[in-house]
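First the structure, in the form of structure tokens, and then the observations on it.
The values are calculated or read from the model by the stated rules, or taken from the named source; none is laboratory data. Remember, predicted model here, so these are calculated numbers, not experimental data. With ideal geometry, Cβ positions are generated from the backbone for all residues, glycine too; neighbour counts draw on all protein chains shown.
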Protein chains: 2
Amino acid sequence: MTAKIRLYVEHPLGPGQSVPLSRDQAHYLFGVMRQGVGDAVALFNGRDGEWLATVAEAGKRGGTLVLVEQSRALQMPPDLWLVFAPIKKARTDFIVEKAAEMGARRILPVQTEFTNAGRIQRDRLQAHAVEAAEQCGGTFVPQVDDLIRLDRLIDGWDTARQVMFCDEALADAPPKPAFGAAGHDGAPWAILIGPEGGFSDRERARLHKPDHTHPVQLGPRILRADTAAVAAMTLWQQRFGDWA
Amino acid sequence: MTAKIRLYVEHPLGPGQSVPLSRDQAHYLFGVMRQGVGDAVALFNGRDGEWLATVAEAGKRGGTLVLVEQSRALQMPPDLWLVFAPIKKARTDFIVEKAAEMGARRILPVQTEFTNAGRIQRDRLQAHAVEAAEQCGGTFVPQVDDLIRLDRLIDGWDTARQVMFCDEALADAPPKPAFGAAGHDGAPWAILIGPEGGFSDRERARLHKPDHTHPVQLGPRILRADTAAVAAMTLWQQRFGDWA
């Protein structure tokens, strides 16, 4: 029995458990995807791995799934945060989707001096992260935080967490190896992607100073923030993360 | 004198040259961007590097720019092609934009057995590549080819060009180093991104067989085609290309 559909649910998942469906989920499963009693669905909730379930009751306003067995254990992504300055709506959605696909554990939108966005729709962004996890076969969903000012985030930063920050001002400089001398020691990391207008001089000075920050340069062309997010996560995952 | 605006033109660029503007370019420069006589504009045509120009005549239906000096030499990206199966319109546009930003030299949309798209709008995609080059500070614009069937592309393939192909069927396999034993010898390469439905068994068999093809695996999650394109180009540029 193989499930063609993966669904994120809030409900705990365990042996013999039955899971009630919301109206929206029932509409999607039975109305849109034409599933019915006896059909198989894969469920995950971000905590208990992936479970194979079958449809026990199917209605217009709800339904019930019964769990059969665990099909995958929970696979936590490495302890990587993606910190980024929200840009235009479609590109912000895209960054959140990509962070979930690429295996970030937490997504932190920040307001920098040159960020236009004064607010974000956290719930909408969280829904994008859920959808990306459903698509990419992940068993974990990264949390999307509320918007926070970059200087406040820096003020409260735990310096045990290394920071890879992508600084477009480095694009004309001669190539340097990414990550400097950072070791492969399982330390927690964050990737910080600046706003389209770049960091301010004041921000750049604060970011370049501490030992736990690592400016990196992503090639000789200036990348858009969404491209930079995927490229930086690729380099990190390949060097320190679960692609290695 | 610094230019705030970068513009792609078809016209040859050289010392003392004057460049006539089309109606659309005049509208953009003088109407939208509020430039006027004496203002500086950076021009590139994909062949002659980047030139600093000043506005000599500004009208509603046209205008003239006069070249001052070359501000950057032509910087060719490495000999990397991006071959991909077109998907939904917005994501196809996105892949072309990303290929230009990431430094592909040529972009080839292919039709695979599981590709939905039977046709593409080549001119629209080429315009996206131009816009991306304007944005990212590149002096080169990759050519977007017409749609071609994958089996025909393989039939006529020059085997001197290595192929990195991204095979989502490998996502559950244990991690392997990307690129196998391929050397850093300046060989031409192509990156091949499969369609959302994956390659067919027949295609996969043809792709796995030859010596010049290198299956790679982009982490334990299944990436969307647009994410895979950026991630694969990142790994390639870092290992063989102009990020190294």
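Quick rundown of the values:
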| read-out | value |
| --- | --- |
| Total residues in region A:112-130, condition farther than 19 Å from B:D226 by Cα and within 13 Å of chain B (Cβ to nearest Cβ) | 0 |
| Matching residues, region A:1-28, being within 19 Å of A:Q135 (Cα to Cα) and over 25 Å from the mean Cα position of the chain (by Cα) | A:T2, A:A26, A:H27 |
| Single residue of A:G183, A:G137 found to be modelled with pLDDT under 95 and within 12 Å of chain B (Cβ to nearest Cβ) | A:G137 |
| Selection count where residues are among the basic types (K, R) and touching a Gly at 6+ places or on another chain (Cβ under 9 Å), scope region A:23-61 | 2 |
| Every residue from region A:88-114 that is outside any loop (DSSP other than H, G, I, E, B) and touching a residue at least 40 places away in the same chain (Cβ under 8 Å) | A:R91, A:F94, A:I95, A:V96, A:K98, A:A99, A:A100, A:M102, A:L108, A:V110 |
| Subset tally (residues that are of a type in the set (S, T, N, Q) and in a loop (DSSP other than H, G, I, E, B)) for region A:1-27 | 3 |
| Among the residues listed as A:A99, A:A90, the single one being assigned by TED's automatic domain parsing to the domain that holds A:L235, under 23 Å from the mean Cα position of the chain (by Cα) and at pLDDT 95 or above | A:A99 |
| Top-ranked residue of region A:197-223 - restricted to ones that are surrounded by fewer than 19 Cβ atoms within 10 Å (Cβ to Cβ) and either in contact with a helix residue (DSSP H, G or I) (Cβ under 8 Å, 6 or more places away or on another chain) or of a type in the set (A, V, I, L, M) (or both), ranked as farthest from the other protein chains (Cβ to nearest Cβ) | A:R206 |
| Number of positions in region A:76-111 that are in contact with a Pro (Cβ under 7 Å, 6 or more places away or on another chain) and within 12 Å of chain B (Cβ to nearest Cβ) | 4 |
| Of all residues in region B:29-48 being buried (at least 18 other Cβ atoms within 10 Å of the Cβ) and under 27 Å from the mean Cα position of the chain (by Cα), the one that is nearest to B:L74 (Cα to Cα) | B:D48 |
| Test: residue in region B:58-77 that is touching a helix residue (DSSP H, G or I) at 6+ places or on another chain (Cβ under 8 Å) and of a type in the set (V, I, T) | no |
| Some residue of region A:27-34 being among the aromatic types (F, W, Y), more than 14 Å from every other protein chain (Cβ to nearest Cβ) and within 21 Å of A:R6 (Cα to Cα) | yes |
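So that you can scan it fast, the table gives a plain yes or no per residue for (1) of a type in the set (S, T, Y); (2) touching a helix residue (DSSP H, G or I) at 6+ places or on another chain (Cβ under 6 Å):
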position: B:R91; (1), (2): no, yes
position: B:K98; (1), (2): no, yes
position: B:A104; (1), (2): no, no
position: B:T112; (1), (2): yes, yes
position: B:T115; (1), (2): yes, no
position: B:R122; (1), (2): no, no
position: B:A129; (1), (2): no, yes
position: B:E134; (1), (2): no, no
